[in-house]
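Please treat every number below as a calculation from the coordinates, not as lab data. Remember, predicted model here, so these are calculated numbers, not experimental data. Here the Cβ is made from the backbone with ideal geometry for all residues, glycine too, and neighbour counts use every protein chain on show.
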Amino acid sequence: MSQFFDEALEESRLSRAAIRVRHVILAFTVIVTLGAMGYVFVKIDRELDRSASVNSDNVTWTLAQVEVDALKLQRAVIAAAERPSDPETLDRLRLAFDIFYSRFNILQRSDQMKGLPVTAELRDALWNEGGFFDRVTPLIDGSDAGLAAALPALRDEMVQVTTTTRDQVVGSLQTLMEAGDSRRTELRRSLQVFASASLGLLGLMAGLSVVIILQNRAQSRRSETTERAVHNLRATIESSLDALVIADAQGIITDCNTAAETLFRRQRADCRNVRFEQLLMREGQEDPLASLHRMIRTNAPELQDGRLQMTATRSDATQVPVEVSLTEAKGASGEPMFIAFIRDISERIEREESLRKARNDALKGEEAKSRFLAVMSHEMRTPLNGLIAATELLQSSTDLDPRQTWLSEIVLSCGWAALDQVNNVLELTRLGSEQSASYQVSDFSPVQLVRDLILQNQPHAAKRGNTLQFDEPETVPDKVTAPRQLFLRVLYNLLGNAIKFTDAGSVMIRMNATPRDNGAQVHLSISVIDTGIGIAEHDLERIFHNFETLDASYARMREGTGLGLGIAKLSAEAMGGTIRVSSALGKGSTFTFDVTLPVAARSETADDPATPLSEDSVPALNILVVEDNPINSLLLTEMLRLRGHTVTNAVDGIEAVDHAGSTAFDMILMDISMPRMDGLEATRHIRRDGASRNVPIIGVTANASPDKLPEFLGAGMTDVLVKPITRAALMAIIANHARATGRGRAAPAPAAEPAVLNQDVFRETIEEMGRDFVERIADRLLHEAESVLQVIQTLDNAGSLDEAARAAHKTAGAAAAIGLAGLQSALARYERSAQAADRKGTSEALADARKVLPRTVAELRANGLALALARPAAE
């Protein structure tokens with residue numbers, strides 16, 4: 001690993017050194033350039049000034065001398081004219097003329113004078129042919145006498161010459177000065193432009209220098225940052241718990257960190273120059289690095305999450321499962337390389353395996369729990385329901401003396417109490433599971449619900465000498481939206497608990513309603529106040545524990561398992577509510593249920609009760625009972641004969657086929673499990689041929705096995721009657737299937753979708769069994785139906801469609817027995833869909849069953865049944 005980082009650090013140091021050298025070179029260049037440009041500018045300026053000054057002085061002096069020489073010549077002429085005989089004056093005249101002539105000759109030959117006006121005009125007046133010099137030169141060069149004779153004329157002409165020379169010289173000097181000034185101005189302007197351009201260039205160079213300096217500083221900072229990052233990265237990687245391996249493009253490992261030494265159990269030097277596949281392999285690949293390179297380039301799905309499981313080989317040849325995160329990069333030299341981060345996942349795999357095992361164990365435990373609950377539901381409810389059914393049959397079919405009636409009432413009461421405890425345990429288990437969040441939500445009136453509770457519990461309260469009162473609120477929403485079953489269970493258990501622990505006192509329910517969220521919600525505070533024995537302060541928390549009974553007077557004076565308040569508390573919490581309690585020993589208790597619920601949208605009231613159909617009595621039927629158990633056969637036979645039906649018995653399927661083949665029965669009650677030939681095979685034989693091939697065949701079973709349930713209807717059975725069989729259930733299913741023909745020869749095909757309640761079956765059941773009995777049966781059935789729907793949902797989600805179909809079939813049969821046609825139809829559709837593995841059909845049927853349940857309750861109440869959907873749990 002140090003080699004990789006050393007290269008990066010060396011590159012960073014070289015980069016910073018190069019930056020410093022560039023800084024020095026740039027500064028030196030700028031300084032030399034500025035100095036050289038300043039020196040050249042100053043020197044040029046001085047030379048130009050000097051040159052302009054010299055040239056200007058020469059021209060001016062020459063022009064001035066022309067005028068001076070002309071004046072000197074004039075004075076010499078005047079002097080000679082005054083002494084013409086004096087040879088000396090004539091010699092001076094000749095000298096003055098020669099000087100003037102030479103000066104003018106220099107002037108008209110000079111390049112600097114050619115552009116001046118004086119040169120052209122004076123040339124015309126003095127130099128050209130016929131001019132002054134052309135006329136006077138012969139005289140000057142001639143004899144003294146000739147010169148002396150010409151002096152007067154010459155003197156007069158010199159006046160004109162000097163005047164002309166002066167005017168031309170002055171004009172030329174003025175022109176020369178103006179031209180000099182113009183040239184100097186233009187030169188200055190050119191120098192200023194040059195200076196501006198130079199300054200601009202210097203400014204640009206300075207700007208570029210600043211930019212370069214800033215870039216160099218930024219580069220220097222980046223280099224420093226890179227160096228620090230390299231140091232930090234080295235420290236991080238070296239201290240990392242994950243191994244890191246660097247390999248070149250050929251798959252040769254070039255470096256690794258300390259964790260890699262620990263993982264592979266090799267020294268760093270031993271890891272270098274080793275091929276990648278010698279340390280890391282993937283199952284089924286000979287060249288893992290090439291494969292990984294291909295995955296990186298093609299963005300293979302295996303690397304979508306950035307990790308890949310491989311196997312690491314240690315120095316001792318042991319192999320360890322690892323998770324590799326691979327990336328492609330370039331080194332300091334630009335060569336491609338691969339960086340692999342490697343994590344030992346052996347412990348994680350062990351934990352996952354442990355979690356998987358724990359999950360499987362938990363699933364097995366949950367499955368065992370479900371099976372236990374199913375067995376408990378069947379094996380414990382069956383004998384209790386049988387006991388209750390037999391006792392009710394005894395009371396309704398036998399003239400009992402007062403003592404016998406008293407004893408039968410004790411048996412019936414004990415049977416109901418035991419059944420309630422089983423139901424409470426099952427309900428407690430359901431509330432403690434995830435199923436508690438899936439209760440059916442419906443619209444209901446909390447005031448009407450409390451009224452119904454008080455009406456139903458009046459007899460129970462009267463036995464203890466208690467009075468029940470309801471302090472109704474002045475303002476409360478007509479309806480709220482909530483799980484009605486949970487709401488009812490809370491109040492039912494609180495009210496039942498208050499009645500049980502109060503003797504010759506009073507129990508009051510007080511309801512307060514407070515609007516919330518601008519009337520969209522309402523906070524209900526419902527208190528159950530009793531004048532009973534009260535609870536000690538230190539026991540207030542314990543009473544909500546499951547199976548908790550208090551000692552001394554509070555526990556010993558009443559029977560119970562301590563489940564009622566626990567169920568009430570769990571039900572309240574499932575709704576998002578709470579239960580508070582205040583009590584004083586010997587003075588009574590107050591349990592307050594607080595919950596905030598949405599206010600239901602205004603809608604029409606529950607379905608109006610259907611107009612009862614005209615009574616259509618079922619005539620006496622000829623029924624074949626196929627049952628191998630003598631007791632069950634005797635019980636069925638007795639129930640049927642008491643209703644006037646003719647009964648033929650068969651002990652197995654073979655006898656049933658023989659009887660059905662020779663006799664046209666109106667109905668057949670067929671047990672499922674029997675010796676020699678079971679009920680399904682017997683049904684198939686009967687449907688193929690014989691006198692009873694078209695009659696309804698009702699399957700009778702105590703525990704429909706999941707793998708056999710799909711065969712029931714396929715074998716030809718019309719319906720299934722689940723044991724234990726009460727007289728009401730038996731009469732109801734007979735009425736349901738015999739009514740179509742009037743004599744019982746109903747076709748096996750199901751009828752059209754029924755209404756919520758089959759009024760004919762319902763009324764006959766009430767007439768036969770009594771309203772109180774039907775009320776208890778309906779209350780228990782609907783209570784269990786809600787739990788069964790949750791069980792069906794759980795089984796459906798788990799894919800156990802056979803078991804879910806079995807549960808639906810059992811409840812559908814029970815619903816049909818007392819005329820709950822809507823519920824029975826929905827569950828039957830679920831059963832058929834489950835048998836066909838139609839998940840869409842099961843979902844729709846289960847949703848319909850949930851919808852029809854509250855409508856069924858409303859329909860039953862509209863027909864005069866005071867349902868509570870739960871019985872008060874004994875504490």
What translational diffusion coefficient, in µm²/s and rounded to a whole number, does the Stokes-Einstein relation yield for segment 763-869 at 20 °C and a viscosity of 1.002 mPa s, taking the hydrodynamic radius as the Kirkwood radius over Cα pairs? 154 µm²/s
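Determine, from the Cβ-Cβ distance of Thr590 and Glu335 and an R0 of 60 Å, the FRET efficiency 1/(1 + (r/R0)^6), rounded to the nearest 0.05. All intermediate terms of the calculation are to be shown ahead of the outcome.
Values: r = 84 Å, r/R0 = 1.39.
Rounded to the nearest 0.05, the efficiency is 0.10.
How do Tyr830, Tyr492 rank when sorted from fewest to most other Cβ atoms within 10 Å of their own Cβ? Don't jump to the answer; show the numbers that get you there.
On the way: Tyr830 31, Tyr492 24.
Ascending number of Cβ neighbours within 10 Å: Tyr492, Tyr830.
Taking 25 Å as the cut-off for C-alpha to C-alpha distance, list the pairs among Lys569/Lys840; Lys357/Lys569; Lys810/Lys840; Lys479/Lys851 that go past it. The partial results should precede the final answer.
On the way: Lys569/Lys840 36 Å; Lys357/Lys569 34 Å; Lys810/Lys840 21 Å; Lys479/Lys851 17 Å.
In this structure, Lys569/Lys840; Lys357/Lys569 exceed 25 Å between Cα atoms.
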Taking 0.36 nm per residue of sequence separation and subtracting the Cα-Cα distance, how much length would be gained by fully extending the chain between Leu400 and Cys414, in nm to one decimal? 3.2 nm
Derived scalar couplings ³J(HN,Hα) [segment 399-410; Karplus, 6.51 cos²θ - 1.76 cosθ + 1.60; whole Hz; x for Gly, Pro]: 7, 9, 7, x, 5, 5, 4, 4, 5, 5, 5, 4
Enumerate the calculated ³J(HN,Hα) couplings along segment 515-531 in order (Karplus 6.51 cos²θ - 1.76 cosθ + 1.60, θ = phi - 60°), each rounded to whole Hz, writing x wherever the residue is Gly or Pro. x, 9, 6, 6, x, 6, 10, 9, 9, 9, 10, 10, 10, 10, 10, 10, 10
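Got a sec? How would Ile25, Ile733, Ile654, Ile106 order by Cβ neighbour count within 10 Å, fewest to most?
Values: Ile25 10, Ile733 26, Ile654 16, Ile106 13.
Going from least to most buried by this count: Ile25, Ile106, Ile654, Ile733.
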In nm, what is the difference between 0.36 nm times the number of residues separating Asp478 and Lys851 and their Cα-Cα distance? 132.2 nm
Chain lengthening between Asn273 and Gln319 when straightened (0.36 nm per residue, less Cα-Cα): 14.5 nm
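Please find the FRET efficiency linking Asp141 to Ser85, where r is the Cβ-Cβ separation and R0 is fixed at 22 Å, and quote it to the nearest 0.05. Present the calculation step by step, with values, prior to reporting the outcome.
Values: r = 19 Å, r/R0 = 0.88.
Plugging the Cβ-Cβ distance into 1/(1 + (r/R0)^6) gives 0.70.
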